[in-house]
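Below: one structure, written as C-alpha cells.
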Amino acid sequence: MMSSFIRQIKAVWQRENSLILASKWQLSLVTWLPIACMLLVYAIFSQGIPRDLAVAVVDQDHSQSSRSLVRFIDANPALAVTSQLTNLAEGKALMQRGEVYAVVQIPRGFEKQIYLAMTPEVSTFYNAQYVLIGKLVSSNMAKTFATFTAQIDAVKTLATGGHIALIKGAVAPISTQVNPLYNVSTNYVPFLVMAAVPALWQIFILVSVLLAFGSEYKNNSQASWFQRADGVVTSAVIGKLLPYTLLSIVHGLLFLSFFYGYLSMPMQGNWGYLFLILVMGVLAGQAVALFIFTLTMNLTQAISMGAAYSAPAFAFIGVTFPAESMPVLAQVWRALLPITHYMQLQIGQVNYGQSFTMLLPELLALGLFTLTFVIAVLRIKSHHSAGQVDE
C-alpha cells in the first residue's frame, strides 16, 4: 500500500518537473527570480546605515556661533548641510521638491543671546511623512544640538573660573547609559531587509502553487494529472506540490545562509530549529495557497485573491510598526498570515536564541495553517468526483 502511494507521488512529481522545465516563466519563478529579488532588496539597503541626509540651513545671525553650529550639523555622519538659504520659504520649496529632509533656522541674535546666558531657540522643520528618515533626522539633530550646547556650557564654566573637573558635572549633572542589545549599529539590513525578504519569499510560494494548480484547470489537463496518480487525489496533490516545496526550502536556506553565513550577521540561535521553522513556514504558505485556489478553482481569480492576501503582509509583520499598537482588525488580519508567525519565530531564534518550548506556540500556529491542506484536498476530490471544471 505504501509503495503504491510513493509510486503515485513519484509519477506526479516527475510530470510536474517536466511541466516546470517546459515553461520559462514557471522555471524562472521557482529558480532564479526569488534569488534575484532578494539580492535586489539587499542591494537597495546594503549601505546599512543612512548617511548624509540632506539638510538646509537658514542662518539669520551670520555670527561665529551660528557658523559653528552649522559645522556641528554637517559633522554629524547622518546629516549633510547641502544648502544655506536666506529665508524659510526657500527651505519649504526644497523640502516639497524632496531635495532636503529638514530645514534648520538659526534666529537673529543667536550669538548675543548665548553670551547673555539667555536661551536662543533654533527651529528644525523636518519631513515626518518619511517616518524612518524623519526619526533619524530628529534624533541626530537633537544629538548635535546637545553636543553644541555642552561645548558652550563647558566654555562658560572655564571662563567663570571653574575647574576642568567640574565641567562634566555642570554640563551633564545626570549621567545616562543606554545600551542597545540587538542591532547595535541600527543597521537597515537586519531591520528592514530581514523582514522584506521573507515577505517576498511568501509571495513566491503562494504564486508558484497557484500557477501550478491553476494551469491544470485552465488548460483542462487535470485528467492527465490525476491519471499519473492512478486517480488518487491525495497522491496527485502531494506529488504536484513536492517540487515547489523542495525549491522553496532551498530558497529559504539560501536566504538564511547569505545573511547569517556569508554576511556574518549575528545569529544567536540553533540552525536545526531555524530549519524546522523554515519548513513549517513553506508548508503553511503552500497550504493557504492551495486553499485559496480551491475557493474558486480558477487561475485568474485565485491569483487576484492571493495577491490581495499576501502583498500587504510586510505592513502586518510588526517590524516597522509595533503589532500591539495595531487596531483589532489589523491584528486579526496579521494572525491570518503565515509569514507573521514565521517572522516571530525567526526573530526569536536569530536574535534571542529561544528554546524549543518558547518557539512552540508559534510553531503550533503554523501547524494550524497546514490543516487547510485537508480542506483543500477534499474540495479537489469533490470537483474531481463530480467532473466539474471551472475556467
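The values are calculated or read from the model by the stated rules, or taken from the named source; none is laboratory data. The structure displayed is predicted, hence computed values, not measured ones. FYI the Cβ positions are ideal-geometry reconstructions off the backbone, even for glycines, and counts take in every protein chain you see. Heavy atoms of the whole protein, side chains included, go into the accessibility calculation; ligands, DNA and RNA do not. Shrake-Rupley method; radii C 1.70, N 1.55, O 1.52, S 1.80 Å.
Screening F356, F316 for residues that are out of contact with any Pro (no Cβ under 6 Å at 6 or more places or on another chain) and closer than 14 Å to A195 by Cβ leaves exactly one candidate, F316. Taking only pairs six or more apart or across chains, which ones have beta-carbon atoms under 9 Å, a first residue in region 330-341 that is free of Cβ contacts under 8 Å to residues at least 24 places away in the same chain, and a second residue that is surrounded by fewer than 23 Cβ atoms within 10 Å (Cβ to Cβ) and among the acidic types (D, E)? Here the result reads Q331/E324, each pair linking region 330-341 to a residue that is surrounded by fewer than 23 Cβ atoms within 10 Å (Cβ to Cβ) and among the acidic types (D, E). Taking region 317-374 as the range and being touching a helix residue (DSSP H, G or I) at 6+ places or on another chain (Cβ under 7 Å) and open to solvent by 60 Å² or more (accessible area, probe 1.4 Å) as the test, the residues that pass are Q331, W333, Q344, F356, M358.
Output yes when any residue across region 17-26 is assigned to a helix (DSSP H, G or I), open to solvent by less than 40 Å² (accessible area, probe 1.4 Å) and of a type in the set (V, I, T), and no when none is. Yes: one or more hits. Just one of the listed residues (A199, A223) is within 30 Å of R51 (Cβ to Cβ), in a helix (DSSP H, G or I) and either modelled with pLDDT of 85 or more or in contact with a Lys or Arg (Cβ under 8 Å, 6 or more places away or on another chain) (or both), and it is A199. Within region 42-79, the set of residues being under 30 Å from P190 (Cα atoms), open to solvent by 20 Å² or more (accessible area, probe 1.4 Å) and part of a helix (DSSP H, G or I) comprises Y42, A43, I44, F72, D74, A75. Regarding L94, is this residue open to solvent by 40 Å² or more (accessible area, probe 1.4 Å), free of Cβ contacts under 8 Å to residues at least 40 places away in the same chain and either assigned to a strand (DSSP E or B) or among the aliphatic types (A, V, I, L, M) (or both)? Criteria not met by L94.
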